[in-house]
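All remarks here apply to the structure that follows.
The values are calculated or read from the model by the stated rules, or taken from the named source; none is laboratory data. Keep in mind that this is a model prediction, so the values were computed, not measured. Cβ placement follows ideal geometry from the backbone for every residue including glycine, while neighbour counts extend to all protein chains displayed.
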Amino acid sequence: MLPKAWTQWLVRLTKTFGFHGNKGKQPYSSMIGRPMATLLLLSMVLPGFEGTAEGAARLNASVSFTDRHIVIRNTGAAVWKQAKISIDGDYAYKAEWVPRGTISIAYAEIVDAAGEAYEPRPGVHPHVRIEVSAADGKPAIFER
């Protein structure tokens, strides 16, 4: 059973998007069914827009940035092995393993082919790709 505040919010949402049922003839439980189904569908579809290569598993991760580090959170159940973290496709960092939880990597350790360190640009969110070796031989990938 949903808390009353959630139910009231969902009822307002249904009225906003026109899912108001038979003008009050239906009970609240049936009125919120369609919007809940829509929200559930969106929650399953939208994360897929992050993208993964075909045949690759999706890696459970999150990425954030500080002024000197990239902060990576392994939210999966397993330790990542042979991880390659790349920024904008040009800069890379390789790790034998990444534990569950949060790690930070200094930008000075993320280098391009010439050995130049990554330098963040203010206001620009870089493309980040994390690829790890999975047990079945196929890579697991996170992209942002």
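Within the stretch 64-81, the set of residues being within 16 Å of residue 108 (Cα to Cα), under 15 Å from the mean Cα position of the chain (by Cα) and not β-branched (Val, Ile, Thr) comprises 65 only.
Scan the stretch 102-130 for residues that are modelled with pLDDT under 95 and under 15 Å from residue 63 (Cβ atoms) and the total you get is 4.
When the strands (runs of 3 or more DSSP E) confined to the stretch 49-144 are screened for residues that are surrounded by fewer than 15 Cβ atoms within 10 Å (Cβ to Cβ) and β-branched (Val, Ile, Thr), those reaching at least 1 such residues are found at 69-74, 101-106.
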